[in-house]
Amino acid sequence: MSDTLRVRLSGRAGALAIDAAFTVPPGITALQGPSGAGKTTLLRAIAGLERLQGSVHIGGEVWQDAQNFLPPHRRRIGFVFQGANLLPHLSVRANLAYAARRAEAPLSIEDIAERTGIAHLLNRRPAKLSGGEAQRVALARALLIRPKLLLLDEPFTGLDAEGRAGLIDQLAALLRTLATPVLIVTHDAGEAARIAHQQLHIDNGTITVCS
Amino acid sequence: MDPTPLALVIATTLELALITTILLLAIATPLAWWLARSRRWWKEVIGAVTALPLVLPPTVIGFYVLIALGPQSPLMAPLHAFGIRTLAFTFTGLVIGSLFYSLPFAVQPLRTAFESVGTRPLEVAAMLGAGPFDRFATIALPLSRCGFVSAAILVFAHTVGEFGVVLMIGGAIPGRTEVLSTRIFQLVENLQYGEAHRIAAGLVAFAFLALLGLLLAERRIGSVAP
C-alpha cells in the first residue's frame, strides 16, 4: 500500500529562505523552477540530508517533526542524485547488491535489471558506463529497495537529446506502474508536463504554483 | 663490553616500526576521519597540533616525552600502583615517543584520502540504508585504501629512520632500546666508519625501496580504482 508524502518545511539554506508546504500523492509529481530556486535543497531536506524546520510525514509515519528526526538511512527513500550516483569502487551488480543487502524486502537484482534494461551492464564498472547507462543503473538501484518515496534530482541532466528522450519515455512508463509517490526535479516545463500527474513550481525557495 | 649483535638491533628496529605502524593506523584513522569531516573551525587547531612533529626538532619531542614518562610525571602516577615508576629508557617508552613523532605521517595521508572521498558516495550509501559505521567501513575505507598504504609505508620507514627521539627516550641501551640509527651514531663515535657505512648504506637502500614501493602501490591502486 502506498502513502502520500506531506511536507511542510521552512528555514534558511545558505542565502536562500525555503518555505514549502505541499503533498505528493502516489504517482509522478514534477518539481520545476529556475536554477538556484531551492529544488535540490528541498529534495535533500525531505531525504534528511539537510536540516530545515518543519515536518515531513509519509502516510502515518513521521520522518521529521518538532520532536523527531529520522536519519536518512532509515527513511527507505530511493534517491537518484544529479550526476555521479554510483558507488565507484563497486561493479554495477555490486552496487545493486549493496542496496539489496540493506533493504528489508528487496526486489531481485535480475528482475529489476531486466525491467530497467541494464541486464547487460551488470558486470561493468561505473567508470565504463555512459551517462545514460549510469542514471539507469541508479534508478534500478533506487527501485530495488521498494522505496516508500522516490526522489529524482534532474535525472536526465548531461544526457544527449536522443538518450534523454528515450530514457524519459522508459522511465515514465516504468514509474507509472508503481504505486509509489515520485518527486522528480526538472527545469524543463515540457518534460514535466509530459511525465507528471502533478506539477509544483518553486521560485526563490517558495512553492508558488500547484497544478 | 661486546656490542649487541647486529641482528638483535635490526629486530628491535623492525619491532618498533611494526608496533608503531599498527598502533598509529588505529589511532590516526578516527582522528583523520574527524579532521576530514568536521565543520568546526577549531578542528584546524587539532590539525596543527598533530602536524607539529613535522617542524619540531626531534629532541624537543623526545625531551617532553621523556619528562612525561619520568618518575616525577603526574601521567605516570596511576602506574605507580603496578610497580611501574617510569617508562623512560624502556621499549614501551620508545613506542610512545615514536607514536608522537610519526603521528603526522599517518594523519596527513589519511585525512587527504578521506577528504578526496567527498560526501556524495556517503550520501548515496545513506540513502541505500547504510548507517554511519556501515558507510565508514564499506565506502570511506575502501575508497581511501591508497591513503592507508601511504600512511603505513611512511610511518614504518620514518620510524626505522628516527634518531633524536629514540636517543632521548630510549638511551640506546644495548639489547633493549638500541636501534639501527643509534648504532650508527655509536659506531661513528668509536671511529668504526666501515661498520657504520654498512648500516647507513643499508638504511639508504631501505628508504629508497620503501618510497619506490609507495609510489608503485599508489600507481597500482590508482589504475584499478574507479
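The values are calculated or read from the model by the stated rules, or taken from the named source; none is laboratory data. Worth saying up front: this structure is predicted, and the values here are computed from it rather than measured. Using ideal geometry, Cβ is built from the backbone for each residue, glycine included, and neighbour counts are taken over all protein chains shown. Heavy atoms of the whole protein, side chains included, go into the accessibility calculation; ligands, DNA and RNA do not. Shrake-Rupley method; radii C 1.70, N 1.55, O 1.52, S 1.80 Å.
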> Can you tell me which of B:84, B:61, B:96, B:46 is β-branched (Val, Ile, Thr), open to solvent by 30 Å² or more (accessible area, probe 1.4 Å) and under 14 Å from the mean Cα position of the chain (by Cα)?
Replying inline: B:96
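Criterion first (open to solvent by 20 Å² or more (accessible area, probe 1.4 Å) and either away from every other protein chain (no Cβ under 12 Å) or without any contact (Cβ under 8 Å) to a residue 40 or more places away in the chain (or both)) does residue A:83 satisfy it?
Details: open to solvent by 20 Å² or more (accessible area, probe 1.4 Å): yes; either away from every other protein chain (no Cβ under 12 Å) or without any contact (Cβ under 8 Å) to a residue 40 or more places away in the chain (or both): no.
For residue A:83, the condition - open to solvent by 20 Å² or more (accessible area, probe 1.4 Å) and either away from every other protein chain (no Cβ under 12 Å) or without any contact (Cβ under 8 Å) to a residue 40 or more places away in the chain (or both) - is not met.
Here's the yes/no breakdown for (1) within 14 Å of chain A (Cβ to nearest Cβ); (2) surrounded by 15 or more Cβ atoms within 10 Å (Cβ to Cβ):
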| site | (1), (2) |
| --- | --- |
| B:137 | yes, no |
| B:142 | yes, yes |
| B:147 | yes, yes |
| B:159 | no, yes |
| B:166 | no, yes |
| B:169 | no, yes |
| B:196 | no, yes |
| B:201 | no, no |
> Counting only residues that are among the hydroxyl-bearing types (Ser, Thr, Tyr) and outside any helix (DSSP H, G or I), how many does region B:1-36 have?
Replying inline: 1
> Among B:36, B:77, which is of a type in the set (Gly, Ala, Ser) and loosely packed, with under 14 Cβ neighbours inside 10 Å?
Replying inline: B:77
> In this structure, does residue A:20 turn out to be under 28 Å from residue A:193 (Cα atoms), in contact (Cβ under 8 Å) with a residue 24 or more places away in the chain and either away from chain B (no Cβ under 14 Å) or touching a Leu at 6+ places or on another chain (Cβ under 8 Å) (or both)?
Replying inline: yes
> What are the pairs, 6+ residues apart or on separate chains, where a residue within region B:156-185 that is at positive phi has its Cβ under 6 Å from a residue that is of a type in the set (S, T, N, Q) and open to solvent by 10 Å² or more (accessible area, probe 1.4 Å)?
Replying inline: B:175/B:4
> Quick one: residue A:54 ticks every box in (1) within 14 Å of chain B (Cβ to nearest Cβ); (2) farther than 30 Å from residue B:116 by Cα; (3) open to solvent by 20 Å² or more (accessible area, probe 1.4 Å) bar one, so which box is it?
Replying inline: (1)
> Within region B:14-33, how many residues are without any contact (Cβ under 8 Å) to a residue 12 or more places away in the chain and either open to solvent by less than 10 Å² (accessible area, probe 1.4 Å) or more than 17 Å from residue B:98 (Cβ to Cβ) (or both)?
Replying inline: 1
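Filter region A:106-156 down to residues that are within 30 Å of residue A:57 (Cβ to Cβ), modelled with pLDDT of 90 or more and open to solvent by 20 Å² or more (accessible area, probe 1.4 Å) and give me whichever is nearest to the other protein chains (Cβ to nearest Cβ). So that I can check it myself, show each step before the final result.
Taking region A:106-156 first, the residues within 30 Å of residue A:57 (Cβ to Cβ) are A:106-107, A:112, A:115-116, A:135, A:138-156.
Those left that are additionally modelled with pLDDT of 90 or more: A:106-107, A:112, A:138-153.
Keeping just the survivors that are open to solvent by 20 Å² or more (accessible area, probe 1.4 Å) gives A:106-107, A:146, A:148.
Working: A:106: 10, A:107: 14, A:146: 11, A:148: 12 Å.
Here the answer is A:106.
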> Within region A:166-211, can you find the residues that are part of a helix (DSSP H, G or I), of a type in the set (A, V, I, L, M, F, W, C) and open to solvent by 40 Å² or more (accessible area, probe 1.4 Å)?
Replying inline: A:173, A:189, A:193
> Which ones in region B:103-135 are on the phi < 0 side of the Ramachandran plot, crowded, with 20+ Cβ neighbours inside 10 Å, among the small types (Gly, Ala, Ser) and not in a helix (DSSP H, G or I)?
Replying inline: B:130
> residue A:17 is checked against (1) surrounded by fewer than 22 Cβ atoms within 10 Å (Cβ to Cβ); (2) in contact with a helix residue (DSSP H, G or I) (Cβ under 8 Å, 6 or more places away or on another chain) and fails just one. What number does that condition carry?
Replying inline: (2)
